[in-house]
């Protein structure tokens, strides 16, 4: 089994259950439901989904020396992360997100970046891993300084060791200090050393200041740019519009480390569009994109075909939206044909 290092953004997700009438009205008391407190961010969401699928995962992140940090570590341990490589900041507080999600309405986040500001990738230990996934650079100021040099350095270090690199983004708040950075340059730098990239369409358009509604042509244009920048496997998710997977040449895939190289001939120059799976009773969209990334990475680590990888990404997202963990059994209820990926 391949070992996957998952590094970057980590926080606590604090989620009140909201009814239809929940609003922010000054001076009023609004009745809400129970509170959920779970590990969140790319490290917990993607890493947790990978672990649920059956991968061997090691998380790398930074938290604060505070009560929220202690709670976060305890919850990571309860989810099966027995040996997280988590640095503790003596200066910054633990990151958290307040997640507001009314029935039938997409999420709103109130987010405190906190100790994630100190994560710059230098503490990530690469020995023993075949894949490295980094999530949410827009919420990791330390990796996007100097035109994204720290992130570029981390990926270059991994690729020189034969480790496949993977990147997922997050929506960029254009009004923030990070939003004012040159994201064209940051992404070009990161993509030049990135083997697998799985951003959402919103991630890309917010970073690149593209004010244009969804269209297949827009997705293609962004995929073309990522492939030209050096990415080997591009997977752009677009909510209910589905998932688009595009891949580079066999020669580029052979340079993708010990995981991608054997798949070069099968994966080269592919173009796959997969519609989103319908979820009968959706519970949450929180973590759905991360689960899609996890499905893609797990499938690649198992030597899957591009079609299987796209299908597992879609199934993992659908299971998460239904409120469950993307375990092999849960995946089998959505797409029985994927069961072979979990055979030892």
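Bear in mind these aren't lab numbers, they're just calculated from the coordinates by the rules spelled out. Quick caveat, the model's predicted, so the values are computed rather than measured. Don't worry about glycine lacking a Cβ; one is built from the backbone with ideal geometry, like all the others, and counts go over all protein chains shown.
Summary table below
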{"quantity": "Pairwise FRET efficiency - residue 110 versus residue 182, Cβ, R0 = 35 Å, nearest 0.05", "calculated": "0.85"}
{"quantity": "Region 24-82, relative contact order in percent, only Cα pairs under 8 angstrom and at least six apart counted", "calculated": "33 percent"}
{"quantity": "GNM flexibility winner over the chain from 53, 296, 68 (Cα, springs under 10 Å)", "calculated": "68"}
{"quantity": "Cβ-based exposure ranking for 240, 9, 129, 112, in which fewest neighbours within 10 Å come first", "calculated": "240, 112, 129, 9"}
{"quantity": "Order of 46, 108 under a 10 Å beta carbon neighbour criterion, fewest first", "calculated": "108, 46"}
{"quantity": "Relative contact order (percent, whole number), the chain, Cα cutoff 8 Å, 6+ residue spacing", "calculated": "15 percent"}
{"quantity": "Region 119-215: C-alpha pair distances exceeding 24 Å, %", "calculated": "19 percent"}
{"quantity": "Neighbour-count order for 175, 320, fewest beta carbons within 10 angstrom listed first", "calculated": "175, 320"}
{"quantity": "Cα gyration tensor shape for region 166-217, rounded if a/c is under 1.5, else prolate or oblate", "calculated": "oblate"}
{"quantity": "Residue-span extension gain [residue 261 to residue 280] - 0.36 nm each, minus C-alpha spacing", "calculated": "3.0 nm"}
{"quantity": "Computed [θ] at 222 nm, helices only, for the chain once each DSSP H run of length n ≥ 4 contributes -39500 (n - 2.57)", "calculated": "-10000 deg cm²/dmol"}
{"quantity": "Stretch gain in nm, segment residue 37-residue 70, where the contour uses 0.36 nm per residue and the Cα spacing is subtracted", "calculated": "10.6 nm"}
{"quantity": "Rotationally averaged projected area of the chain (alpha carbon convex hull; nm²)", "calculated": "16.8 nm²"}
{"quantity": "Calculated FRET efficiency for the pair residue 249/residue 210, C-beta based, R₀ 35 Å, to 0.05", "calculated": "0.85"}
{"quantity": "Pair residue 329, residue 17: separation of 7 Å Cα→Cβ label points (nm)", "calculated": "2.3 nm"}
{"quantity": "Region 229-312, Cα convex hull volume normalised per residue, Å³", "calculated": "94 Å³"}
